[in-house]
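Trainee: Take a look at the following structure, please.
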Amino acid sequence: MNRRTLLIAMVLLPRLAVAADLQLTAQDHADIARIETYLNGLHTLKARFLQVAPDGATSGGVAWLDRPGRMRFQYDKPSPLLLVAGHSLLVYYDRELRQTTNIPLDATPLGLLLRDNLKLAGDVTVTGIERQPGQLQVTMVRTKSPGDGSLTLVFADQPLALRQWAVVDSQHQETRVSLFDVELGGTFDPDMFTFIDPKVMPGGDKYYQ
C-alpha cells in the first residue's frame, strides 16, 4: 500500500459492513451525552501525533485542530506529507510526488470530528461503546450509509479527553492516530488551514516549506 492510498484511507470512510441497531443502555446514553458536551466544547488543540498504518508502519508529526471545520496534520521530515482541513475541504498534499488531492470534508471521518455541533444521533449512529479503566471509546457511522465505514474515538476518562481515533477500511484494515503532549486553547493563524498548491503559487503555504 503506497502512502497516497494510506492517507486517503485514513481520512475517507470506506465501505464496510457494520452491526446495526445497537441497543443503548442508560449508561451508554449518559456517556454519549458527556462525549457530545466535551467535543462541542473543544475549540482549539495542538498535539504531537503518532499514526500507525495497517501494515504497522508508523509516522509522526504535529496536529492542530480549530473547530469548527479546521485541522492541520504536518508530518515530520523526511515525510513529504501534509493534510489541511478548511473551507469544507480536506486537502492531501505529497511534496515528493507534487500531487494534491481534494476531498469534501463531509465525506471524511474527520468531518464528523470537526462539526460545529456534533450530535451522536440522527444522521450519526453509535454502533459501539466500550469502557476500560480510565478509558472510554465510541464507534460511529453515518446513519444513511452505514456500509461506508466506521470511525472510533478513544478518550481518556475522568476527566474526558480525546486521545486517539481509528478508521477501519473495507479490507478490515485499521489506521490509528494517537495524540500526545496535548495543548488546549489558544489561537492559530487562519493561514495554517488554507492550502495553496505550490504549483500554482510557490511558497503559498508558508507553514510547509
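Trainee: Out of the residues in region 38-78 meeting the condition of being hydroxyl-bearing (S, T, Y) and either touching a Pro at 6+ places or on another chain (Cβ under 8 Å) or under 20 Å from A166 (Cβ atoms) (or both), tell me which one is surrounded by the fewest Cβ atoms within 10 Å (Cβ to Cβ).
Mentor: If we take residues in region 38-78 being hydroxyl-bearing (S, T, Y) and either touching a Pro at 6+ places or on another chain (Cβ under 8 Å) or under 20 Å from A166 (Cβ atoms) (or both), then T58 is surrounded by the fewest Cβ atoms within 10 Å (Cβ to Cβ).
Trainee: Please go through (1) closer than 24 Å to D205 by Cβ; (2) surrounded by 13 or more Cβ atoms within 10 Å (Cβ to Cβ) for L97 and return the number of the only condition it doesn't satisfy.
Mentor: If we test L97 against (1) closer than 24 Å to D205 by Cβ; (2) surrounded by 13 or more Cβ atoms within 10 Å (Cβ to Cβ), just (2) comes out false.
One line per residue, one yes/no per condition, for (1) of a type in the set (S, T, N, Q); (2) over 14 Å from the mean Cα position of the chain (by Cα); (3) at pLDDT below 95:
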residue	(1), (2), (3)
S59	yes, yes, yes
D76	no, yes, yes
S79	yes, yes, yes
G86	no, no, yes
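Trainee: Let me ask another. Would you be able to say whether some residue in region 44-52 is more than 17 Å from V182 (Cβ to Cβ) and part of a loop (DSSP other than H, G, I, E, B)?
Mentor: No - not one qualifying residue is present in region 44-52.
Trainee: Within region 52-94, can you find the residues that are under 15 Å from F188 (Cβ atoms) and β-branched (V, I, T)?
Mentor: V62, V84
Trainee: Can I ask one more? When region 111-134 is examined, which residues are found to be touching a strand residue (DSSP E or B) at 6+ places or on another chain (Cβ under 7 Å) and loosely packed, with under 14 Cβ neighbours inside 10 Å?
Mentor: D123, E130, G134
Trainee: (1) β-branched (V, I, T); (2) assigned to a strand (DSSP E or B); (3) surrounded by fewer than 20 Cβ atoms within 10 Å (Cβ to Cβ): which one isn't true of T187, the others all being true?
Mentor: So the condition that T187 fails would be (2).
Trainee: Right, next: Please enumerate the residues belonging to region 53-85 that are among the small types (G, A, S), in a strand (DSSP E or B) and within 22 Å of D116 (Cα to Cα).
Mentor: Within region 53-85, A63, A85 meet the criteria.
Trainee: Let me ask something additional. Specify the residue that is modelled with the lowest pLDDT; the eligible residues are those in region 135-159 that are among the aliphatic types (A, V, I, L, M) and crowded, with 17+ Cβ neighbours inside 10 Å.
Mentor: Ranking the candidates gives V141 first.
The values are calculated or read from the model by the stated rules, or taken from the named source; none is laboratory data. Everything numeric here is computed off the predicted structure, so don't read it as measured data. Cβ coordinates were reconstructed from backbone atoms using ideal geometry, including for glycine residues, and neighbour counts include every protein chain displayed.
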